[in-house]
Each structure stands twice: as C-alpha cells, then as structure tokens.
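Peer 1: Okay, here's the structure, questions in a sec.
The values are calculated or read from the model by the stated rules, or taken from the named source; none is laboratory data. This structure is a prediction, so every number in the text was calculated from the model and none was measured. Here Cβ is always computed from backbone atoms with ideal geometry, including for glycine, and neighbour counts include all displayed protein chains.
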Amino acid sequence: MENLIEEIKSRLDIVEVIGSYINLKKVGANYTALCPFHSEKKPSFFVSPRLQIFKCFGCGQAGDIFKFVMLIEGVEFGDALRILAKKAGVELSPLSPELQTERKRVYEICELACKFFEKQIEGAKGKLAKEYLLKRGLSEASIRKWRIGWAPDRWQSLIDFLTQKGYRKKEILKSGLAVEGQRGEVYDRFRGRIIFPIFDLNSQVIGFAGRVFLKEEGAKYLNIPNTILYDKSKVLYGLDKAKLDIRKKDFALLVEGYIDVILSHQVGFENTVSTSGTALSSFQLDLLYRYSENLYLAFDMDPGGLAATERGIDLAQLKGFNIKIVNLPKENDPADLICKDAEEFKKLVNNAVSIMDFYFQFAFSQFSPETLEGKKEILKILLPPIKRIQNKIEQNWWVGELAKRLKVRENDIYDQLNSIQVQKIDEIKKETKEEVMPILKTRKEALEERLLVLILKEKEGEKLVDEDLLSFLDEKAKEVFEKITGKREKISPEAKELLDVCALGTEIENQEKKDILEEI
C-alpha cells in the first residue's frame, strides 16, 4: 500500500490537484488562496510545490494530496485513493481491502444503474421518453453527454438487474434507488420517469432525479433522498462539467432546473449549474466561490422564482459575490426561452443587470405606477432591498429614483422605509450555519508549531528550547525538534507532516520579509 501511495504522489503535482478545485495564486515559491475549509477574506491557505503539502494558517488544516481530497470531497481514505489513482492513471487491485468500503459499493450501484437507465432510453419502450427530450430541445449529443436515461414503468426492473449483478437489496436501499414498503417489500424508486444522473466534481454518479412526462399524477420531479454519497444541499448539478468554463468566463450562471442547465450548455454557456431541486444553500455558494466571485442568477420570474432569486441574492451577498440578474421574460424559464429564441437568451445573459436594476425593472413591469394599488405593490417589492443597502449614499439615490418614478415625495418613501423590517445579515448568517467548520488547533499545538518554525529559521534556534520546555512538548513535536537538531534520523509519518508544515511556515515568513524589503 505504501508503494501505491508513493507512486500516485510521484505522478501528481499537488498544485495541479488543488488547482483543479480552487483558484491558486503564485506568491514566491509557493501558491496561496482563500481557504476552502473556512470563511475568510484574506488568503491564509498555502500550497508548497517543493514539499508537496498544503497548510491553512487560519484554520489549521494541513496535509498532502490525499488529505486535501478527503477534506474537499468529504470522503474516506479509500475513496480519496480511488479518485487520485484515476487522476494519476494508476491501476488499483480490486481486492485491495482499503477499497472495499460501503461507499464504493454504492458508487458501483449508481454507475450500473446509470448504464441501465441509459440502455432503456435507447430501447423501443424508451422511445417516447427520448422523443420528449428531443422535443424540449435537447440534442442527441446532449442526451449522451449528460447520460440521461429512462426508468421502465415496472416495480422491480432495476432491482432485478442489480441483484443479478450480485448486489443485495439492503445495499440498493442505501443507494436511494429502492424503497421499502410497510410489509418489507422492496421496489424501484423510479418508475416510468426520465432519469437525470447527478454527478460529483469528478463526474462520478452519486444520485438521480426522475421526471414524469406521460402521466400527470405524482411529483413532477422526484429526487433520491440523501445517502452516504449524495446530499442535495451540497451538490450543484452540472458543476463537474461547468467548473473549467466558470474559471474561463469568470462567472457562474445559476438556474433552477436540470433541463435549463443542459440547454444552456448546449448554446454555449457551459458555465451553468443548478441546485438539485432544493433551495440554494450556503455550502453550494462556497463551492461556486472556489471558481469565481461573480454570480449570475437566472430563475423563473414566477412567485417561486422571485423568492428563490431574493434568497439567492441575500446569501450570495453574504458570501461576497458580485451578483447580476438575468432578467427573463415573464412566464419563461431558461429552457423555454432557449427553445424559442436562443439568441435572445444569450443577449439577456450578456446584458445581465445589477440587483437594484433588476428589482426596479421587475416591479415596474408587473404593476402600473399610475394607480394607487400599483404604487403600493411596487413599494412592497422595492422597499425591502432598498432597506438592506448598507451604503447610505447609494440608499438615498435609490429612494430618490423611486420617488421620482412613483411621483411621490422622498419623505413619504422614507416614512415607509422606516416602518418596515427586513431580515438582517446576522439573521441570514444564523440560517447558514449548516456548514461544518474545521476544528481549530489548540493553543498548545499552535505554540509548538510556532516554536518549531522559529527553531528552523534561526541558526542557533535550538537554544530557544531548554529541558524544561522540551518536557512540555508532545511526542510528535519532540520528534521534530530532535530531527531538526540532528539528534534523531527517522521520525514518524505524523511528525514528518508537522516538520513539512513548519518548513512551509518558514518559507512563507521569509518570502513576506523579502516582499517588505523590496517594497521599501
């Protein structure tokens, strides 16, 4: 196993691996970025090409490529090994015990199910499903690229297929693809539906959504429940295919539906993603922020779409995004508009407007400012976003603009503004606490690390540590101290990781000192 790990490390550069997830900036001999594991405004996350490690000096997370993938993907070591082996082109033995995890079995079930659904849509019984997709504007190439399939309208077609492949019903239930009845019977979750596979950042199938297209009963879309692979609040549909184009175009286009995403990619906006049938979450915005600080929202302008837009604006502002709104025509979602007039959709995206411009355009397109009722409805829409504006000069400007267009006095607008309450940023923050923050180092660990950095930097640094102080160091820090001072040859892997982190800290401090001197 040790040889396998070293072979993968020798084939992969940590800068390229981490750079495929977040934007890295070269600073001296190292690279830096905003930490993907905690919220920050100033970069404290560093990557060392020489040491092949990363370290965040804000939250304390550190390690090699395996540790990074485990943290960023939220997976066990065996799954990180499989992900990196695939990137490195290293064959893994199927008998390797590290890979025989429950997660791996569910990955296999999802992949086989995807192939099963793909095959069904190409058969005679899946013909109507395919015709429906083509009628909605999807090309044959898009159907293949997004691996869209069809679930037969039978109770156990997928279960029979998977059990014949050697998977137990208990495992199929854990994948979310099966449902257990009250009497213990197990049947397919998806029946008679068009199937959209949902992928992780490495384009591995982790979940599914099914859409009705012939019969009216049942929910329009049905998603699998959260599983050990899939959490709907932590996945953005299409991000695996969009992440490079988001970086290239330097903005992400966020829509509501699966077909919206696919058609948007089809007409050239390959930087488009959507939530997986759920409200936009803080975690999903953190994912997008890795690739760009610019976010365009293109939601339907029905009441539900407007509510989604407002929540998206509030959360995205909190995260520090630069936000623009694609002002879609009334009763049109992106998919509808692309089918009717793809060029018009492109024009609207390229001419996306600021938040307040969007609210004004929307309010005055829905209601007449000439009637008393129209004025009231316009105020209902516009006063809350104006109230949220932190900059008083900007807020005063929009109050003046609103008074002018409604033909009322500014003082009357201010009276109305002062009488309403809006959700404050602090309240929004409380709602977004679902993200798990990394465990910070203890004060003792931080001091030990700082002491070791000083010892590495100073020629006679070992004199900083006397016998009394040495007795307070934990075993890992003692090993590093003895290695630095030449009293020990071999150290444990944990101590080696700490030594590398301290060496990176020394390099960063030296680079900062050099930058200051050059500036002077």
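Peer 1: Here are some residues: LEU138, LEU158, LEU128, LEU201. Which one is under 23 Å from ALA219 (Cβ atoms) and touching an Asp or Glu at 6+ places or on another chain (Cβ under 8 Å)? Quick ask: steps written out before the conclusion?
Peer 2: Values: LEU138 fails: touching an Asp or Glu at 6+ places or on another chain (Cβ under 8 Å); LEU128 fails: touching an Asp or Glu at 6+ places or on another chain (Cβ under 8 Å); LEU201 fails: under 23 Å from ALA219 (Cβ atoms).
Selected residue: LEU158, the only one of LEU138, LEU158, LEU128, LEU201 that is under 23 Å from ALA219 (Cβ atoms) and touching an Asp or Glu at 6+ places or on another chain (Cβ under 8 Å).
Peer 1: Checking the structure you have, find out if any residue of the stretch 346-366 is assigned by TED's automatic domain parsing to the domain that holds SER264, basic (Lys, Arg), at pLDDT 95 or above and part of a helix (DSSP H, G or I).
Peer 2: Taking every residue of the stretch 346-366 in turn, at least one turns out to be assigned by TED's automatic domain parsing to the domain that holds SER264, basic (Lys, Arg), at pLDDT 95 or above and part of a helix (DSSP H, G or I).
Peer 1: Can you name every residue in the stretch 357-381 that is surrounded by 17 or more Cβ atoms within 10 Å (Cβ to Cβ) and within 19 Å of LEU254 (Cβ to Cβ)?
Peer 2: PHE358, TYR359, PHE362
Peer 1: Where residues in the stretch 318-337 are more than 23 Å from ILE262 (Cα to Cα) and not aliphatic (A, V, I, L, M), which of them is surrounded by the most Cβ atoms within 10 Å (Cβ to Cβ)?
Peer 2: Residues of the stretch 318-337 more than 23 Å from ILE262 (Cα to Cα): 318-322.
From the residues that got through so far, the ones that are not aliphatic (A, V, I, L, M) too are 319-322.
Details: LYS319: 16, GLY320: 12, PHE321: 22, ASN322: 14.
Within the stretch 318-337, the match that is surrounded by the most Cβ atoms within 10 Å (Cβ to Cβ) is PHE321.
Peer 1: Looking at the structure I just gave you, is LYS86 under 26 Å from GLY320 (Cβ atoms) and either in a helix (DSSP H, G or I) or in contact (Cβ under 8 Å) with a residue 40 or more places away in the chain (or both)? Let's see the steps before the verdict.
Peer 2: On the way: under 26 Å from GLY320 (Cβ atoms): no; either in a helix (DSSP H, G or I) or in contact (Cβ under 8 Å) with a residue 40 or more places away in the chain (or both): yes.
So LYS86 fails the test.
Peer 1: Only residues that are part of a helix (DSSP H, G or I), of a type outside the set (S, T, N, Q) and either modelled with pLDDT under 90 or out of contact with any Asp or Glu (no Cβ under 8 Å at 6 or more places or on another chain) (or both): list them for the stretch 1-56, please.
Peer 2: Once the filter is applied, which keeps residues that are part of a helix (DSSP H, G or I), of a type outside the set (S, T, N, Q) and either modelled with pLDDT under 90 or out of contact with any Asp or Glu (no Cβ under 8 Å at 6 or more places or on another chain) (or both), the stretch 1-56 yields GLU2, LEU4, ILE5, GLU6, GLU7, ILE8, ARG11, VAL15, GLU16, VAL17, ILE18, GLY19.
Peer 1: Applying the selection to the stretch 1-49, what residues are loosely packed, with under 15 Cβ neighbours inside 10 Å and among the basic types (Lys, Arg)?
Peer 2: Scanning the stretch 1-49 gives ARG11, LYS25, LYS26, LYS41, LYS42.
Here is a yes/no grid of residues against (1) within 26 Å of SER274 (Cβ to Cβ); (2) surrounded by fewer than 20 Cβ atoms within 10 Å (Cβ to Cβ):
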{"position": "LEU158", "(1), (2)": "yes, no"}
{"position": "LYS170", "(1), (2)": "no, yes"}
{"position": "LEU173", "(1), (2)": "no, yes"}
{"position": "GLU185", "(1), (2)": "no, yes"}
{"position": "ASN202", "(1), (2)": "yes, yes"}
{"position": "GLY207", "(1), (2)": "yes, no"}
{"position": "GLY210", "(1), (2)": "yes, no"}
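Peer 1: Could you tell me whether ASP300 is acidic (Asp, Glu), touching a residue at least 24 places away in the same chain (Cβ under 8 Å) and not in a helix (DSSP H, G or I)?
Peer 2: yes
Peer 1: Among the numbered conditions (1) out of contact with any Pro (no Cβ under 8 Å at 6 or more places or on another chain); (2) without any contact (Cβ under 8 Å) to a residue 40 or more places away in the chain, tell me where LYS375 comes up short.
Peer 2: (1)
Peer 1: Would you mind finding the one in LEU315, LEU295 that is in a strand (DSSP E or B) and either touching a residue at least 40 places away in the same chain (Cβ under 8 Å) or buried (at least 17 other Cβ atoms within 10 Å of the Cβ) (or both)? Before you say what the answer is, go through the steps one by one.
Peer 2: Numbers: LEU315 fails: in a strand (DSSP E or B).
Result: LEU295 is the single residue among LEU315, LEU295 that is in a strand (DSSP E or B) and either touching a residue at least 40 places away in the same chain (Cβ under 8 Å) or buried (at least 17 other Cβ atoms within 10 Å of the Cβ) (or both).
Peer 1: Would you confirm, using the coordinates I've provided, whether ASP412 is farther than 26 Å from LEU297 by Cα and modelled with pLDDT under 95?
Peer 2: Here the answer is yes, as ASP412 does meet what is asked.
Peer 1: Pairs needed: first member in the stretch 324-344, under 14 Å from THR272 (Cβ atoms); second member anywhere, among the aromatic types (Phe, Trp, Tyr) and in a helix (DSSP H, G or I); C-beta distance under 6 Å; at least 6 residues apart or different chains.
Peer 2: Listed pairs, sorted by first residue: LEU337/PHE345; ILE338/PHE345.
Peer 1: Just to be sure, is ILE198 touching a helix residue (DSSP H, G or I) at 6+ places or on another chain (Cβ under 7 Å) and of a type outside the set (D, E, K, R)?
Peer 2: no
Peer 1: Restricting to the stretch 1-16, name every residue that is touching a strand residue (DSSP E or B) at 6+ places or on another chain (Cβ under 8 Å) and within 11 Å of LYS87 (Cα to Cα). Reasoning before the result, please.
Peer 2: Initially, the stretch 1-16 is screened for residues touching a strand residue (DSSP E or B) at 6+ places or on another chain (Cβ under 8 Å), giving 14-15.
Answer for the stretch 1-16, where residues must be touching a strand residue (DSSP E or B) at 6+ places or on another chain (Cβ under 8 Å) and within 11 Å of LYS87 (Cα to Cα): there is none.
Peer 1: Name the pairs whose Cβ atoms lie under 8 Å apart, with the first residue in the stretch 213-231 and among the small types (Gly, Ala, Ser), the second in a loop (DSSP other than H, G, I, E, B) and modelled with pLDDT of 90 or more, and 6 or more positions between them or separate chains?
Peer 2: GLY218/VAL212; ALA219/VAL212
Each row is one residue, and each column tells you yes or no for (1) within 30 Å of ILE18 (Cβ to Cβ); (2) hydrophobic (A, V, I, L, M, F, W, C).
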| position | (1), (2) |
| --- | --- |
| ALA209 | no, yes |
| ALA219 | no, yes |
| PRO225 | no, no |
| LYS248 | yes, no |
| TYR258 | yes, no |
| SER276 | yes, no |
| TYR289 | yes, no |
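Peer 1: Test PHE367 against the criterion of being aromatic (Phe, Trp, Tyr) and either at positive phi or touching a Gly at 6+ places or on another chain (Cβ under 7 Å) (or both), and give yes or no.
Peer 2: yes
Peer 1: Condition first: in contact (Cβ under 8 Å) with a residue 24 or more places away in the chain, assigned to a helix (DSSP H, G or I) and under 22 Å from ASP333 (Cβ atoms). Can you find one or more residues in the stretch 250-259 that meet it?
Peer 2: Within the stretch 250-259, one or more residues are in contact (Cβ under 8 Å) with a residue 24 or more places away in the chain, assigned to a helix (DSSP H, G or I) and under 22 Å from ASP333 (Cβ atoms).
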